[in-house]
């Protein structure tokens, strides 16, 4: 294999195995920064040795064994001052004595719990949502700091500081790198799913910048969702979130025109929707429902997305079913945002005048003040009610509130069409 091809292969293997390496090391060392450091040491060792010796038959085991050996050397060099370090050395000695085969067996036995423990730690509620998202993308998604910065339209220094502070917070809190059990697990799982969905949403409908969508972020979130579904197969909300992301992501190519302008859902070319992602999403939704999670907040939202996915044409969409699903979702997730989406569905199911009545009841909600989708929804209902001047004003108001350039152009175009 040519040297450049070997290096690319090594980097690809490392990118795939990096979360597992960090998870295993973090569980032993109780330190994310050290775990990353020794994982990087293993990569450097592979880059130095594999071009001459060839790719090992079990590259994951080779990397893990090398990383553990480097960590063991460091701890010995530091004279094992604390009892905790002595316990780590004994555990690592035992693993090392068994050779690569023993290490690989340990990976097979425990890596699921280790990786799940790392996800729960990176998404711990003691961290801010932004810090959780950045740390999760770094540790589990394997993204570099520049990649995360580009994804969230932030400065690299900002992202780097956010990740460093998150690691220090975890270390200072003395968190155990373990999967919580029982009620604690259920409570913490919600925080994990929230982070994954935050990452997906930032890709699906960017809050700022020139692009409406960032498919790379959606793909990262979907990958995280699939990892969670493999590691926690009996958790219905995990499958509900995965279903929601897969079905929503199926529409990404159709959401923007070639010039980058927004294509509203009713106008999208449904032949461009990814049928494989829809099938995956519907299968995940069926799994969530089979596990008794049909009324979970993510499963209900996936059911809403499924209503659109099952309609061959926009005029075949079952808006009454969508309105009924929003009724159920509002009970489970009482929020003005859900109420706004319910009002839009009612306007589609029973006519814009009915929708406007429901919408007006939300006008004084503090959380919706300055929220562009509210005047945008009002503008759409007014336009369909034959009130173009009022609709134009509403669309212009919505355009002034959004920070996304593509969405702003779309709203201004709708305002101009009313005139």
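Which members of the stretch 385-397 meet the condition of being assigned to a helix (DSSP H, G or I) and under 21 Å from residue 354 (Cα atoms)? Steps first, please.
First pass over the stretch 385-397, keeping only residues assigned to a helix (DSSP H, G or I): 388-397.
Passing the criteria: 388, 389, 390, 391, 392, 393, 394, 395.
Taking the residues in the stretch 109-157 that are outside any helix (DSSP H, G or I) and without any contact (Cβ under 8 Å) to a residue 40 or more places away in the chain as candidates, determine which candidate is farthest from residue 184 (Cα to Cα).
Among those that are outside any helix (DSSP H, G or I) and without any contact (Cβ under 8 Å) to a residue 40 or more places away in the chain, it is 155.
Is it true that residue 367 is surrounded by fewer than 15 Cβ atoms within 10 Å (Cβ to Cβ), part of a helix (DSSP H, G or I) and under 30 Å from the mean Cα position of the chain (by Cα)?
yes
Assigned to a helix (DSSP H, G or I) and under 21 Å from residue 214 (Cβ atoms): is that true of residue 162 in this structure? Can you show your working first?
Numbers: assigned to a helix (DSSP H, G or I): yes; under 21 Å from residue 214 (Cβ atoms): yes.
Yes, satisfied.
Scan the stretch 165-181 residue by residue and report those that are exposed (fewer than 15 other Cβ atoms within 10 Å of the Cβ), touching a residue at least 12 places away in the same chain (Cβ under 8 Å) and either part of a helix (DSSP H, G or I) or in contact with a strand residue (DSSP E or B) (Cβ under 8 Å, 6 or more places away or on another chain) (or both).
171, 173
Among residues belonging to the stretch 224-261 that are surrounded by fewer than 17 Cβ atoms within 10 Å (Cβ to Cβ) and part of a helix (DSSP H, G or I), point out the one that is modelled with the lowest pLDDT.
Per the stated criteria, the residue is 230.
The values are calculated or read from the model by the stated rules, or taken from the named source; none is laboratory data. Just so it is clear, the structure is predicted and the values come from calculations on it, not from any experiment. Please note: Cβ atoms are built from the backbone with ideal geometry, for glycine as well, and neighbour counts cover all protein chains shown.
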